[in-house]
Amino acid sequence: MRRLKRERGAVAVMVAILAIPLIAAAALGVDIAALAAERQQLQNGADAGALAIAQVCAKASVAAPGGCVAAGVAPTPTVGADKIAQDYALSNSNDKEALAAVVRPPASLTLSPTAGEVTVENTGIREHWLAPVIGIDASNIRTTATAVWGATNKGTSLPLTISLCEITKLIAAGDPTFSFNSATGNYESKSPSGNKVPIRLPHPSNPDECKPNGAPQYVPGGFAWIVSDSPGACSATTQIGELVGSDTGNNVKCDAAYLKSLVDSGKVITIPIFDNMTGSGANAKYRVYGYVGFKLTGFGFAGNSAYQYNNNPFCSGSGNDQCIVGIFSNVVVKDGTLTPGAPSLGGKTIRLIKK
């Protein structure tokens, strides 16, 4: 039986009609996936840039802020936070065309080494492959990340604690490393001098006591061993306000080879500062006041010669003349937590926040 109408070309017409939604669907699949990948690159760059700025500021000092300044003009900043943000935006971008800038508040942006917050904004343009067929040539992408930094409220360190007396003695001697902030009532890191400081282990026959900031009771100077996280461990985790137990005896709590490796590497470690103690002997407890960064450069402990390393001429490392030697500095505490109002003695922590 003969067809009443010819249907030649009907399939071609149908394909043509369906081509547009098919291409639109392809655009949704291909271009949106590419857009998501581009957005992730920008977000990674913003996260990395914000954390990098926070780390630079956390390690800086008030007297020597270094890169902890809001300087430079996008898209070609040359110094400061904008330069850091741009560097990380480009290093995380496949097409190397990302733009980054530190977000400015209505007032001028000021970054402080003591504590602060920074928001990085990364922008880019994604040119589409198939979407132009339906009239969408490109999409603008914007991502942000905010990082904060400030004094840490907790930390893991060698199982020892240093007296606040050592800080007050440095201030009295005119050393610029620390200062007392009358507005906050806290001692703070100011301008690390880079000078090597010997800190002696207090002994009953040589207590070297002092009254930090008019405290009602005397607080021993020097450093003291405290209880480790576990028997035989060369670490102790503490937090501000906590009373940590004394580990009595004349035995060094850490392996000599490990202590030497800290000296040789130049690594800045975290050490808790105590401002009060109760009890005596095995019942003694030290109250944690804050945290310093300390670059261990030598030590001298009673015992065999393995525990005497770069300690001369600061102490003999025998009898009641034992010491650690080092340089007070700033350090980022990886396992720390932020607490507003905590004494900013040099031990700081950083983290990303949602805004």
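The values are calculated or read from the model by the stated rules, or taken from the named source; none is laboratory data. Predicted, not measured: the structure shown is a model, and the values here were computed from it. Backbone-built Cβ (ideal geometry, glycine too); neighbour counts: all protein chains shown.
Every residue in region 298-328 that is within 19 Å of Lys169 (Cβ to Cβ) and polar (S, T, N, Q), please.
Asn320, Gln322
In region 223-248, which residue that is in contact with a Ser or Thr (Cβ under 6 Å, 6 or more places away or on another chain) and outside any strand (DSSP E or B) is modelled with the lowest pLDDT?
Checking each candidate, the answer is Asp229.
Residues are listed down the side, and each one gets a yes or a no for (1) surrounded by fewer than 20 Cβ atoms within 10 Å (Cβ to Cβ); (2) at pLDDT 95 or above:
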site	(1), (2)
Ser280	yes, no
Tyr286	no, no
Gly290	no, yes
Ala302	yes, no
Pro313	yes, no
Gln322	no, no
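Tyr289 versus (1) in contact with an Asp or Glu (Cβ under 7 Å, 6 or more places away or on another chain); (2) under 30 Å from Thr144 (Cα atoms): which is the lone unmet condition?
Of (1) in contact with an Asp or Glu (Cβ under 7 Å, 6 or more places away or on another chain); (2) under 30 Å from Thr144 (Cα atoms), only one is false for Tyr289: (2).
Applying the selection to region 336-355, what residues are at pLDDT below 90 and farther than 25 Å from Gln43 by Cβ?
Thr339, Pro340, Gly341
Suppose the filter is in the same structural domain as Thr168 (by the TED database), basic (Lys, Arg), over 30 Å from Gly185 (Cβ atoms) and at pLDDT 90 or above; does Lys260 pass it? Working first, answer last.
Working: in the same structural domain as Thr168 (by the TED database): yes; basic (Lys, Arg): yes; over 30 Å from Gly185 (Cβ atoms): yes; at pLDDT 90 or above: yes.
Yes; evaluated as a whole, the condition is true for this residue.
Do we have any residue at all in region 306-327 that's within 19 Å of the chain's Cα centre (by Cα) and not acidic (Asp, Glu)? It would help to see each step written out before you state the result.
From region 306-327, those within 19 Å of the chain's Cα centre (by Cα) are 327; that's our starting set.
From what's left, not acidic (Asp, Glu): 327.
Yes; the residues of region 306-327 include at least one that is within 19 Å of the chain's Cα centre (by Cα) and not acidic (Asp, Glu).
Could you tell me whether region 298-307 includes any residue that is among the polar types (S, T, N, Q) and in contact (Cβ under 8 Å) with a residue 60 or more places away in the chain?
Start the filter on region 298-307 by keeping residues that are among the polar types (S, T, N, Q), which leaves 304-305.
Restricting the remaining residues to those that are in contact (Cβ under 8 Å) with a residue 60 or more places away in the chain gives none.
No - not one qualifying residue is present in region 298-307.
Select from region 108-134 the residues that are in a loop (DSSP other than H, G, I, E, B) and within 30 Å of Tyr291 (Cβ to Cβ) and write down the one among them that is modelled with the lowest pLDDT.
Checked region 108-134; the qualifying residue modelled with the lowest pLDDT is Leu109.
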